[in-house]
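Have a look at the structure below before the remarks.
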Amino acid sequence: MENNLRVLRAMKNITQDQLAQELGVTRQTIHAVESGKYNPSLELAFKMAEYFEKAIEEIFVYKKG
Amino acid sequence: MIGMDKTKYNQLKNGIVFVIGLMMAFGAIRHNYVLSMVTVVPGIVVLYTLRKGVSEVVHDERTAVIQHKAASRTLGYMTALMGLSGLVLVEMSFRGYSEIRDVGYAFAYMANIILGVYALFTWYYGKQMGD
């Protein structure tokens with residue numbers, strides 16, 4: 001799974017810490033998602049989509065294999 | 001302590017865990033298991049209370065996944081180790097070390113009990129999640 005979280009965050013000009021606070025998770029979780037080490041739950045993915053006002057598919061890109 | 005940041009919380013947590021470990025070791029050396037218990041229980045309560053006072057998020061879905069994986073791995077390794085140790089001890093007890101037979105059986109039974117409890121919880125959570 002790939003994602004555009006880092007780009008979207010940069011466009012909003014917010015830090016990982018600020019995004020983490022907005023979403024109620026740790027900064028390490030945001031870092032892990034951005035670097036592709038952790039795939040968020042559906043609930044967190046929806047929260048991210050809502051925060052960035054995007055569809056989930058615009059943030060996360062499913063890659064087979 | 002309300003509104004404490006994560007760094008301060010981690011420092012306090014490490015300090016408390018160190019003291020608990022120290023007291024447990026002291027209790028074990030002195031064969032004073034009451035001392036271990038009276039340290040562990042309040043220690044857990046203090047840690048829980050401190051965590052509630054942290055203004056930042058310290059536990060989220062990722063930390064839950066990490067804890068789940070670590071617990072699962074620990075259970076697997078420790079149960080296997082306990083079972084194997086039990087078998088080795090029982091086997092050795094028949095070769096001239098009869099005093100360790102009970103310990104061997106205790107280990108082996110404990111491994112079986114842990115596996116039984118694990119199977120029970122797997123069944124329970126499976127039912128809760130649609131099995």
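Things worth noting here:
- Per-region count, the stretch A:25-38, residues surrounded by 14 or more Cβ atoms within 10 Å (Cβ to Cβ) and either among the charged types (D, E, K, R) or more than 8 Å from chain B (Cβ to nearest Cβ) (or both): 5
- Filtered residue count, the stretch B:62-102, keeping only those that are loosely packed, with under 10 Cβ neighbours inside 10 Å and in a loop (DSSP other than H, G, I, E, B): 2
- Take the conditions (1) within 16 Å of B:His59 (Cα to Cα); (2) within 10 Å of the chain's Cα centre (by Cα); A:Gln21 misses just one of them, which is (2).
- Residue within the stretch B:13-20 that is open to solvent by 100 Å² or more (accessible area, probe 1.4 Å), over 25 Å from A:His31 (Cβ atoms), part of a helix (DSSP H, G or I) and more than 14 Å from every other protein chain (Cβ to nearest Cβ) present: yes
- Annotation note: of A:Glu22, A:Glu58, A:Glu2, the sole residue that is open to solvent by 90 Å² or more (accessible area, probe 1.4 Å) and within 13 Å of chain B (Cβ to nearest Cβ) is A:Glu22.
The values are calculated or read from the model by the stated rules, or taken from the named source; none is laboratory data. Remember, predicted model here, so these are calculated numbers, not experimental data. Virtual Cβ from ideal backbone geometry, glycine too; neighbours counted across all protein chains shown. Please note that ligands, DNA and RNA were not included when accessible areas were found on the heavy atoms of the full protein model with its side chains. Shrake-Rupley method; radii C 1.70, N 1.55, O 1.52, S 1.80 Å.
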